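Data block below; observations after.
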Amino acid sequence: MLLALPLNSNADNQKIRATKSGQRGLCPACMQEVYSRCGKYRIKHWAHFPNCNCVVQWKPETPWHRQWKSEFPDEWQEVVHHDEKTGEKHVADVKLPTNLVLEFQHSSISEGELQSRNNFYKNLFWVVDARSSFENFLKEMSLPDNFVKAKIKMKAVPLVPIRDCCIISNPEKVFPKRWLNCTVPVIFDLSGKEDSCDDNVETLDKIKTLNPKISDFYTSILFIRQTLWLLLPRANQQDPVMALAIHRNDFVETLRSKGQLFAPFAILSLSEKKVLPPIRRKFHF
Ligand SMILES: [Zn+2]
């Protein structure tokens, strides 16, 4: 837990960070006392005392997780939701004032848990740590007929600059399979924000040689490092997987300033029925 409530406060008080050992606070979900943990190696956080019966399962966070959350104001982070149907409580990683929820997922997640959170939040975007897929991503880029540039016709107006759009022919080789049939948008982060940009130039030349169709744009390592890939939910599993390339800074800035990536009531699913060669396909979402 990154943020706790001050002692003797209520759920509306401003939350506080753990800055040094020995602090006390309240868990915003169960209102039980928590203590700060500020060791040398672990990320500073709040923890429950042993044998507490918190209603929320707080999981340890990785630097990747923490870095993503910190892109947004404290008051948007770790927002507690009460499920009136089940009585359960959930904590959204980030909830924007527009009610859009962002969940950052580093580890694998079960199909059931994924669906349950999609159903609970509804207005939800997943941001997935796909750094382990980076090499596969480069490999698949070098294959002709993969990463085919697509023209799309959108019903929704993108508020975020879309740098490119393409159809990925073998998406299961690029992204963790679990996410390909997600019913809400999934954003893959293939590279940590701080990751180095001086990757082997040879790899990029090789991609170009093997796949002359690929644009120079894609084979800039900086582009690959800075780009998030947003996969739109598909109406049918047979529909092609289409990914929108978005600069990570644009993603954060648009959400911070506009509270959404698409305006105003985007229906984010593909609905094209006629099968055409991918390059001539037009999509509506
Ligand atoms: Zn608690």
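Bear in mind that the values in this text are calculations on the coordinates, not laboratory data. Worth saying up front: this structure is predicted, and the values here are computed from it rather than measured. Using ideal geometry, Cβ is built from the backbone for each residue, glycine included, and neighbour counts are taken over all protein chains shown.
For this structure, a couple of remarks:
- Measure of compaction for segment 1-59 (Cα Rg per 2.2 N^0.38 Å): 1.03
- Taking other C-beta atoms within 10 angstrom as a stand-in for reagent exposure, Ile162, Ile167 fall in the order Ile162, Ile167, fewest first.
- Mean projected area of the Cα convex hull of segment 56-190, taken over all directions, amounts to 9.7 nm².
- In this structure, Lys40 and Val157 have a Cβ-Cβ separation that, at R0 = 41 Å, corresponds to a calculated FRET efficiency of about 0.25.
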